Amino acid sequence: MSLQILLNFTLAFLWMFLTVSFTADTFLVGFILGIIIIFSFRRFFPSRFYLVRFIAIVQLGYIFLIELLKSNISVLKTILKPKLDIKPGIFAYPTQLKSDWEITILANLITLTPGTLVMDVSLDNKILYVHAIDVDDVDDAIDSIRNTFEKAIMEVTR
């Protein structure tokens, strides 16, 4: 991926030198032409096309912002109720992620979402222990994490 990005910037600067115009517009045109060239030669690179991973990173950020907004509203509703009828709980979340980097990203995304906290990670890095402020159904909570954060992290890293 880094080779493709470096090649794209090199092609953009090369375009600027060939056109003898050193403006941002010329760089942008060269960058777009570089994307087209790299896309057409993508089968010669060992990794997938880098814009696919960039789009996956943007989608992960979007998913996090949506989940952050939803959980903030949920915690606000819980706090503003006159009677606390919450069901706090700790559940084990079995993860399919392999590398330490992926598990760290998942744990941070879960912890940054209000109302949840990753308390511990098992020694074999296959289970995360999550505390939630209000857990009605553990299976729904596990499915929610798996279908949002874990799926998006897999799209970015694999």
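The values are calculated or read from the model by the stated rules, or taken from the named source; none is laboratory data. Being a predicted model, the structure only gives us computed values, none of them experimental. Quick reminder, even Gly has a Cβ in these numbers, built from the backbone with ideal geometry, and neighbours come from all protein chains shown.
The table below lists the values:
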read-out: Scope the range 86-118; condition under 18 Å from ASN147 (Cβ atoms) and in a loop (DSSP other than H, G, I, E, B); matching residues; value: THR95, GLN96, LEU97, THR113, GLY115
read-out: Residue list for the range 121-141, filter: of a type in the set (Val, Ile, Thr) and buried (at least 18 other Cβ atoms within 10 Å of the Cβ); value: VAL121, VAL130, VAL135
read-out: Some residue of the range 17-32 being within 26 Å of THR157 (Cα to Cα), without any contact (Cβ under 8 Å) to a residue 60 or more places away in the chain and not small (Gly, Ala, Ser); value: yes
read-out: Flag if LEU60 is in contact with a helix residue (DSSP H, G or I) (Cβ under 9 Å, 6 or more places away or on another chain) and farther than 22 Å from LEU128 by Cβ; value: no
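Residues checked against (1) loosely packed, with under 14 Cβ neighbours inside 10 Å; (2) in the same structural domain as HIS131 (by TED's automatic domain parsing); (3) without any contact (Cβ under 8 Å) to a residue 12 or more places away in the chain:
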| residue | (1), (2), (3) |
| --- | --- |
| ILE38 | no, no, no |
| PHE54 | yes, yes, yes |
| TYR62 | yes, yes, yes |
| GLU67 | no, yes, no |
| ILE73 | yes, yes, yes |
| LEU76 | yes, yes, yes |
| PRO82 | yes, yes, yes |
| THR95 | no, yes, no |
| ASP100 | yes, yes, no |
